[in-house]
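Worksheet: one structure, shown below.
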Amino acid sequence: MRRVASGVLIGRERELREGSNRRGLTERETEVLPLVAAGLANREIAERLFISHKTAGVHVSNILGKLGVRGRVDAATIALRHSLVVANGPDR
């Protein structure tokens, strides 16, 4: 696999395109991903979903791992590219 400038693995993106619509994410992770893509911090995500900020952080970490990225911006990019979230996202 080759790395591109953003650190996203090209091979991983191919896997995401060919996978199911949820890309291996749990139902809760699919609720968290749009909030990550909208730029919300863990505490803000926690408030929105009525969970602890630590639980929100665990969900974010799991999302990053499953998408094969290092950061939130890369996760948001992949989510938008593969229609996992809508471009305008939730309001802050």
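Structure above, values below:
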{"quantity": "Helices (runs of 4 or more DSSP H) wholly inside the chain that include at least 1 residues being among the small types (G, A, S) and at pLDDT 55 or above", "calculated": "27-37, 42-49, 53-67, 72-81"}
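Residue-by-condition table, conditions (1) free of Cβ contacts under 8 Å to residues at least 12 places away in the same chain; (2) under 14 Å from G24 (Cα atoms); (3) of a type in the set (S, T, Y):
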{"site": "G39", "(1), (2), (3)": "no, no, no"}
{"site": "V58", "(1), (2), (3)": "yes, no, no"}
{"site": "G65", "(1), (2), (3)": "yes, yes, no"}
{"site": "G68", "(1), (2), (3)": "no, yes, no"}
{"site": "R72", "(1), (2), (3)": "no, no, no"}
{"site": "V85", "(1), (2), (3)": "no, no, no"}
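The values are calculated or read from the model by the stated rules, or taken from the named source; none is laboratory data. Note that this is a predicted model, so its numbers are computed, not measured. Because the Cβ atoms are built from the backbone with ideal geometry, glycine has one as well, and the counts that use them run over all protein chains shown.
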